[in-house]
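Report on the structure given below.
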Amino acid sequence: MQTDFLVIGSGIAGLTYALKVAHDCPDKTITILTKTQSDETNTKYAQGGIAGVMDEEQDSFSKHVEDTLIAGDGLCDKHIVEIVVQEGVQRIKELIDWGTNFDKEPGGDYKLGKEGGHSEYRILHHKDITGFEMERALLQAIKNCKNINLISHCFVLDIITQHHLGYLVTKSTTDIECYGVYVLNLATKKIEKIISRVTLLASGGNGQVYRSTTNPSIATGDGVAMMYRAKGRIENMEFIQFHPTALYEPGVRGQSFLITEAVRGDGGILRNQQGEAFMQRYDSRKDLAPRDIVARAIDSEMKINGTEYVYLDCRHMNQQKFLEHFPNIHAKCMSLGIDVSKDMIPVSPAAHYSCGGVKTDEWARTSINHLFAAGECACTGLHGANRLASNSLLEAMVFAHRAYKKSIETFNNDTSKDLSTLEKAVPDWNAAGTTAPKEMILITQSLKELKLLMSDYVGIVRNNERLHRANRRLDLLHEETEKLYEKTEVSPQLCELRNLITVSYLIVKSAEFRKESRGLHFNTDYPNQSPILQNTIL
Ligand code: FAD
Ligand code: SIN
């Protein structure tokens, strides 16, 4: 198969990019690949909303920039922060034009929420299901585009480069080129190659590395792992953001239900087992301090009290307003017998967001030619060592837009490439010597071990001994999984395990490189910050 523009991922980054390219190039083909159902993305689960300075009289770009820089703890790229904050407003307007409904005040102004680290009310939202509403509107807009082909249940295995044509490609190769991807088509069970002129990686996050995460099961870091295998540059993987308040449900594995930070923005208070509002002991901004600080404070309280959760107290809040803003959370709590007007909500931190990822420049270009990256899989320089709440959807849109602009330029400068010749030159996937998996337990047990070791040794608080142990255990899992991969027919489960091991390795390696504590990376052996600011590039 050949396509002019290839998009890996159907979340906010992939869909907004595809819509723009399709609109500008009605005679070109755009193919979107997604590994399960089209809407199963991190985007769909976003609750709090999207941050933007919609009213320059009440708020200002400089305040949003400043809040982002403070949260990022010294590692944000100020130029990128300014780009995102300033261009973000236009991107939000486009989202509205595509049909996204944000909540409004009776007078018609947008209702703006507040979350940790924000100095102003600036978060547009659709109740507590903002991502669901965005994904709905975007997929509807995609349906109306004749030149977009969205293929669901299509698992991308690897990026095709010169390596597949028999050339030596290493980390020092400067002109690595992306020719497309190999995919496992789950409908036909066949491995196919898709040749493209321009490719956008929009494959989302990697929360599934950890036992407890707010991310759905698709968030297995496939894009970052593929990029690493293709010898592309990866940055800042140690900065994994743990959301302070995932609903604590004993026995629930996989995806934890999020209690949005907007609840604290509206007045929710964290309390420990003794009922004490403890955040004032940790930070003057109390419950609305940036996430790294709140998550560490909760972790510390849980360790002091020997418990697996703390409480979020909403009993004093206006219950009518709570129901209007957070109907989904209200319903979920009720389903578990938690009446938020009478009972406190048990919460604990869960892996939520990857601040690092595929290194890009200000035009979303990666270190591999013809390959762009946007959204959670990318590391643009916006978040630094810790992401400010509700900046992620904004960043995804701003860089999808920039990727679209540069993609068209790249496409127009490169019409000489003959895709048919390339398709013939790229070999078919080599499955020689592989057989059907004999027992899935080899995959599922390794996955459990991986999640356990990453949660216990590479979580909110780290130290050198824990990282060293994690490394040794990862080596073994890597060795066993590579052996299995060589002799087994590929399946999403096996590939995801392999990708999660790669991503875990990148997190641990980056954590070991950082001999300081900064933002989301806290190492008790180096509790202070180093005077030298640097990004971790692998
Ligand atoms: P995603 O939306 O995750 O999409 C990834 C896509 O890639 C999927 O379609 C997936 O199928 C596809 N894919 C991945 N691997 C493969 C493969 N191998 N082959 C084929 N397809 C593949 N951010 C905010 O700014 N505000 C919020 O309020 C907010 N709330 C959040 C709440 C929750 C519970 C979660 C989990 C995240 C939240 N975030 C929020 C973060 C934000 O939602 C994500 O960072 C953002 O949606 C990521 O968008 P994306 O387009 O990069 O990736
Ligand atoms: C939330 O709603 O608390 C999540 C917001 C975010 O991750 O930006």
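The values are calculated or read from the model by the stated rules, or taken from the named source; none is laboratory data. Source: prediction; values computed, not measured. Please note: Cβ atoms are built from the backbone with ideal geometry, for glycine as well, and neighbour counts cover all protein chains shown. With ligands, DNA and RNA removed, areas are computed over all heavy atoms of the protein, side chains included. Shrake-Rupley method; radii C 1.70, N 1.55, O 1.52, S 1.80 Å.
The requirement of being buried (at least 22 other Cβ atoms within 10 Å of the Cβ), within 23 Å of residue 41 (Cβ to Cβ) and modelled with pLDDT of 95 or more is not satisfied by residue 217.
When region 473-491 is filtered for residues that are surrounded by fewer than 18 Cβ atoms within 10 Å (Cβ to Cβ) and either within 16 Å of residue 222 (Cα to Cα) or without any contact (Cβ under 8 Å) to a residue 24 or more places away in the chain (or both), the ones remaining, listed by number, are 475, 476, 478, 479, 482, 483, 485, 491. Only a single criterion out of (1) crowded, with 23+ Cβ neighbours inside 10 Å; (2) farther than 22 Å from residue 260 by Cβ is not satisfied by residue 210, namely (2).
Set side by side, the residues 36, 3 differ, and just one is open to solvent by less than 50 Å² (accessible area, probe 1.4 Å), away from ligand 2 (no atom under 16 Å from the Cβ) and in contact with a His (Cβ under 9 Å, 6 or more places away or on another chain), which is 36. Only residues that are crowded, with 16+ Cβ neighbours inside 10 Å and among the small types (Gly, Ala, Ser) were counted across region 123-179, and they come to 4. For residue 22, all conditions in the list (1) in a helix (DSSP H, G or I); (2) under 22 Å from the mean Cα position of the chain (by Cα); (3) under 26 Å from residue 159 (Cβ atoms) hold save one; what is the number of the exception? The number of the failed condition is (2). The sole residue among 302, 334 that is in a helix (DSSP H, G or I) and under 28 Å from the mean Cα position of the chain (by Cα) is 302. Every condition in (1) of a type outside the set (A, V, I, L, M, F, W, C); (2) modelled with pLDDT under 95; (3) in a strand (DSSP E or B) holds for residue 245 except the one numbered (2). Step by step: first the residues of region 44-57, then only those that are open to solvent by less than 30 Å² (accessible area, probe 1.4 Å) and away from ligand 2 (no atom under 11 Å from the Cβ), then the one that is farthest from residue 15 (Cα to Cα). Which residue is that? Ranking the qualifying residues of region 44-57, first place goes to 53. When region 445-460 is filtered for residues that are assigned to a helix (DSSP H, G or I), within 18 Å of the chain's Cα centre (by Cα) and hydrophobic (A, V, I, L, M, F, W, C), only 454 remains.
Answer with yes or no whether residue 340 is in contact with a Cys (Cβ under 8 Å, 6 or more places away or on another chain) and either modelled with pLDDT under 95 or away from ligand 1 (no atom under 14 Å from the Cβ) (or both). Walk me through it before giving the result.
Working: in contact with a Cys (Cβ under 8 Å, 6 or more places away or on another chain): yes; either modelled with pLDDT under 95 or away from ligand 1 (no atom under 14 Å from the Cβ) (or both): yes.
For residue 340, the condition - in contact with a Cys (Cβ under 8 Å, 6 or more places away or on another chain) and either modelled with pLDDT under 95 or away from ligand 1 (no atom under 14 Å from the Cβ) (or both) - is met.
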